[in-house]
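Working notes, structure below.
The values are calculated or read from the model by the stated rules, or taken from the named source; none is laboratory data. The structure presented is a predicted model; accordingly, all values stated were derived computationally and were not measured. Cβ sites come from the backbone with ideal geometry, for glycine too, and all protein chains shown count toward neighbours. Ligands, DNA and RNA are excluded from the accessible area calculation, which covers all protein heavy atoms including side chains. Shrake-Rupley method; radii C 1.70, N 1.55, O 1.52, S 1.80 Å.
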Amino acid sequence: MALHFSSGCLFSLSQRRSGQKIRAVTSKSSVIEDDKVKLGGSDLKVTKLGIGAWSWGDTSYWNNFEWDDKKLKGAKTAFDASIDCGITFIDTAEVYGSRFSFGAINSETLLGRFIKERKEKDPELEVAVATKFAALPWRLGRQSVLAALKDSLARLELSSVDLYQLHWPGIWGNEGYIDGLGDAVEQGLVKAVGVSNYSEKRLRSAYEQLKKRGIPLASNQVNYSLIYRLPEQNGVKAACDELGVTLIAYSPIAQGALTGKYTPENPPTGPRRQIYTPEFLTKLQPLINRIKEIGESYSKTPTQVVLNWLIAQDNVVPIPGAKNAEQAKEFAGALGWRLTQQEIGQLRSLASDLKPVTGFPVEKL
């Protein structure tokens, strides 16, 4: 594997074990072309790990219902650190940070601003931007997809995006939405198209509908982590592998629950506290302890271990959310190495003892 090492992409973590201070340091490279993967049957190549921008500008689920200059600076440094580390695949959506979702500023607007500012210093920079269409009940037909896409492009200040996805299945009108994705490709507004939160049945239907126009379905973005393996159980992962559709994993570190940061005495704040309760975190500890043990043997953090576990499932591109530079640098340390099959199996076995956490209702549509 060819690697370019960058001093700007160092991450260290100090832990105490048996009274000794352990310093786990990852020196992560800029990810070059050889380390990219194609999304499904499309020609679009992205880094093996991306960054999710759900929290950027959001005040309804993340950021303790507040958005200020400090959080804005954090998002900006998260973007810059990702680029410094070679992670150039960034996922956003029209609803992230939007007024519709009671946000402070649209995530697309922030991402567009960050790209523009970075390009002033580095005109040759190429960022693979992914965004999503919200299948709201009053949006009907293929034209609604094109109209929403053009609004997203205006916020991003781009003439096209690399990946355009349907954020969730519509209550009705899904065939029209799929037609809209195809139109977007043919009009040169996007390089590739995908879906998100699609069941196996809906995935296969979308794949076949696009196939008739000679357009590949590049991806299905779903909730997938070591402790949320519904895609393996409901046929989505197997269907993606069969059809050659890349599975993009959102919430790959279980919204922070798998990082070891939270304990029964220190659960997450906000809405996440209803999912990752003190009771659940108590039952999670044996798995967290094993993750930490494995990480120490590689000089890796728990976050890097669980992201590597997902990448090892093959045909999976995780997109953890980064709120600051430290997190972005840490994520990059999940690349360039691989857990053994025995370790992968051990973690799966321990995780299987846990009752699954609650997912998002849109997965059931």
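When 214, 176, 141 are checked against the criterion of being open to solvent by less than 50 Å² (accessible area, probe 1.4 Å), free of Cβ contacts under 8 Å to residues at least 40 places away in the same chain and on the phi > 0 side of the Ramachandran plot, 141 stands alone in meeting it.
Selection of segment 306-320 for residues being touching a Gly at 6+ places or on another chain (Cβ under 8 Å) and either of a type in the set (Asp, Glu) or part of a loop (DSSP other than H, G, I, E, B) (or both) yields 319, 320.
When segment 259-274 is filtered for residues that are surrounded by 13 or more Cβ atoms within 10 Å (Cβ to Cβ) and among the hydroxyl-bearing types (Ser, Thr, Tyr), the ones remaining, listed by number, are 259, 262, 263. Within segment 254-273, identify whether any single residue is of a type in the set (Val, Ile, Thr), within 20 Å of residue 337 (Cα to Cα) and in contact with a Pro (Cβ under 9 Å, 6 or more places away or on another chain), and answer yes or no. Among the residues of segment 254-273, at least one is of a type in the set (Val, Ile, Thr), within 20 Å of residue 337 (Cα to Cα) and in contact with a Pro (Cβ under 9 Å, 6 or more places away or on another chain), which makes the answer yes. Does residue 290 fit the bill of being in contact (Cβ under 8 Å) with a residue 60 or more places away in the chain and farther than 30 Å from residue 195 by Cα? Answer is yes for this residue.
Could you say which residue among 124, 108, 117 is more than 22 Å from residue 327 (Cβ to Cβ) and either modelled with pLDDT of 95 or more or not in a helix (DSSP H, G or I) (or both)? Please lay out each step first, then the result.
Details: 108 fails: more than 22 Å from residue 327 (Cβ to Cβ); 117 fails: more than 22 Å from residue 327 (Cβ to Cβ).
From the options 124, 108, 117, the qualifying one is 124.
In segment 293-310, the qualifying residues are those that are free of Cβ contacts under 8 Å to residues at least 60 places away in the same chain and among the hydrophobic types (A, V, I, L, M, F, W, C), and the one that is farthest from residue 248 (Cα to Cα) is 294.
Per-residue answers, yes or no, for (1) under 30 Å from residue 350 (Cβ atoms); (2) in contact with a strand residue (DSSP E or B) (Cβ under 7 Å, 6 or more places away or on another chain); (3) surrounded by 18 or more Cβ atoms within 10 Å (Cβ to Cβ); (4) of a type in the set (A, V, I, L, M, F, W, C):
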{"residue": "155", "(1), (2), (3), (4)": "no, no, yes, no"}
{"residue": "159", "(1), (2), (3), (4)": "no, no, no, no"}
{"residue": "181", "(1), (2), (3), (4)": "no, yes, yes, yes"}
{"residue": "187", "(1), (2), (3), (4)": "no, no, no, no"}
{"residue": "203", "(1), (2), (3), (4)": "yes, yes, yes, yes"}
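Just for segment 41-97: of the residues that are among the acidic types (Asp, Glu) and either modelled with pLDDT of 95 or more or in contact with a helix residue (DSSP H, G or I) (Cβ under 9 Å, 6 or more places away or on another chain) (or both), which one is most open to solvent (accessible area, probe 1.4 Å)? Give the derivation first.
Residues of segment 41-97 among the acidic types (Asp, Glu): 43, 58, 66, 68-69, 80, 84, 91, 94.
Then drop every residue that is not either modelled with pLDDT of 95 or more or in contact with a helix residue (DSSP H, G or I) (Cβ under 9 Å, 6 or more places away or on another chain) (or both), which leaves 43, 58, 80, 84, 91, 94.
On the way: 43: 132, 58: 4, 80: 32, 84: 60, 91: 5, 94: 20 Å².
Ranking the qualifying residues of segment 41-97, first place goes to 43.
Per the conditions (1) part of a strand (DSSP E or B); (2) surrounded by fewer than 24 Cβ atoms within 10 Å (Cβ to Cβ), the sole criterion not satisfied by residue 256 is (1).
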